[in-house]
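No value in this document is a laboratory result; all are computed from the given coordinates. Bear in mind that the values here come from a model prediction, so they are computed numbers and not experimental data. Please note: Cβ atoms are built from the backbone with ideal geometry, for glycine as well, and neighbour counts cover all protein chains shown.
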Amino acid sequence: MVRWREAMAAALYGSRGFFTRPGASPAAHFRTSAHTSPLFAAAILRLAAQVDAALGRPDPLDLVDIGAGGGELLSAVVAAAAGSPLAPRLRPVAVEVTPRPAGPARVEGGTGNDPRAVAVTWRQSVPGAVTGLLLATEWLDNVPLDVAEVDTDGVVRYVLVDPATGEESLGEPVAGPDRDWLARWWPLTEPGTRAEIGRPRDQAWADAVARVRRGAALAVDYGHLAGRRPPLGTLTGFRHGREVPPVPDGSCDLTAHVALDAVARAGAPPDTDAEGAAPYGPDTVLVTQAEALRRLGVDGTRPPLALAHQDPTAYLRRLADASAAAELTDPGGLGGHHWLLHPVALSHPIRPFVAR
Ligand SMILES: C[S@@+](CC[C@H](N)C(=O)[O-])C[C@H]1O[C@@H](n2cnc3c(N)ncnc32)[C@H](O)[C@@H]1O
């Protein structure tokens, strides 16, 4: 029996791990916003353009995607940028621990005047210095972490798991920084209640944000905030798009919702530990995906029926967009995900994210 963090790390990223074993095709097991519609990539491009303008249009403008999967989002952003003045300066970088997918290594994204092809660079670690936009969509929920549970005497203990079967038992009392993290972000008292100790995610996000010299860092993920934590935690498994018991044997994706307020605090500059109105510093923005996409102009309004008579093709295209927008902004689904944005050394606020 081992702690969940160790079990999850081996099951996802070990030599026979779900994401890293030879021949793994993890994208077959989940469908994220990036897979749902090009509208998501178009919104990310709009955000990148805002960052670009606030940076004074640097050349190159980095677009770094941590946990890029098969590169679907980066490819779609590059495709959406094709022909724009931004395209020749865009430097897309996929950061992935899984093997790079087979297929074309280059995505065409040059303009008519500058037909440079935009090559997506693949790496296993985050570049040391980023000028531009750093992304992490549904990465943090896959960062391994420990689970805690309150025993019948009220003692908060680590949950241990058998990697072969998923059977659990309780181990040592939670101590040290993990205990401090729970006390601050997810206090447990009632016997039987559980929490996922988000400290490794806070650290992972703080490390990633620290790589941004100038620009912004955006995490998009499902999660929860203080006061609305699920009493039994959220650790679960997925296989072929279906939820399955979380057995850490490498046969399924393992994921737990992200404590996004803790992550926000970790990614904010240390000198802005303000109380009250701006708990993550004055510049950090934490909104739902529905709100973020609305601010970025994603519109789920159905086209007027009259358009169907005037221009049936345009009508059908706008209808498909409206339906995809509705899925991306559905408060009970993808729209309920969080967007966490940290601007870094920008000369003026990014317009769509000026808090109202
Ligand atoms: C749920 S998938 C999300 C893929 C993609 N971002 C999307 O939204 O469709 C999480 C990805 O993060 C990758 N990953 C996890 N930890 C990583 C790390 N430390 N560095 C790079 N990639 C990582 C996994 O291999 C996996 O492909």
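If the only charges are +1 at each Lys and Arg Cβ and -1 at each Asp and Glu Cβ, what is the size of the charge dipole of the chain around the Cα centre, to the nearest 20 debye?
With only Lys, Arg, Asp and Glu charged at Cβ, the dipole is about 1200 debye.
Roughly how large, in nm² to one decimal, is the mean projection of the convex hull of the alpha-carbon atoms in the chain?
Numbers: hull surface 78.9 nm².
In nm², the orientation-averaged hull projection of the chain is 19.7.
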Practice problem: Let me know the Rg and Dmax you get for segment 28-81 when you use only its Cα atoms, in Å. | Solution: 12.0, 40
Quiz item: What is the pair-distance distribution P(r) of segment 1-105, computed from all Cα-Cα distances in 10 Å bins starting at 0, with each bin given as a whole percent?
Solution: 14, 38, 27, 16, 4, 0
Practice problem: Using the Cα centre as the reference, give the magnitude of the dipole from point charges on the C-beta atoms of segment 146-195 (Lys, Arg: +1; Asp, Glu: -1; all else neutral), rounded to the nearest 20 debye. | Solution: 240
Quiz prompt | Charge sum, other residues only, whose C-beta stays under 13 Å from LEU133's C-beta, Lys/Arg counted +1 and Asp/Glu -1 | solution = +3
Quiz prompt | Degrees between helix 312-329 axis and first principal axis of the chain (Cα, 0 to 90, nearest 10) | solution = 20
Exercise. Return one number: the angle in degrees, 0 to 90 and rounded to the nearest 10, between the long axis of the Cα atoms of helix 72-81 and the longest principal axis of the Cα atoms of the chain.
Key: 20
Practice problem: Give, as a single signed number, the net charge of other residues whose beta carbon lies under 10 Å from the beta carbon of ALA226, with Lys and Arg counted +1 and Asp and Glu -1. | Solution: +2
Quiz item: Amide H of LEU134: which non-local residues (sequence gap of 5 or more, or other chain) have their own amide H closer than 5 Å, using H built in the peptide plane?
Solution: VAL64, ALA216, ALA217, LEU218
Quiz item: Top mean-square fluctuation among ALA266, ALA28, ALA49, Gaussian network model of the chain, C-alpha springs under 10 Å?
Solution: ALA28
Self-check item: Cα-based helix-to-principal-axis angle, 199-209 vs the chain, degrees rounded to 10
Solution: 30
Quiz item: Hey, got a sec? Which GluC sites (Glu not before Pro) in segment 217-315 land in a DSSP loop and have at most 13 other Cβ atoms within 10 Å?
Solution: GLU275
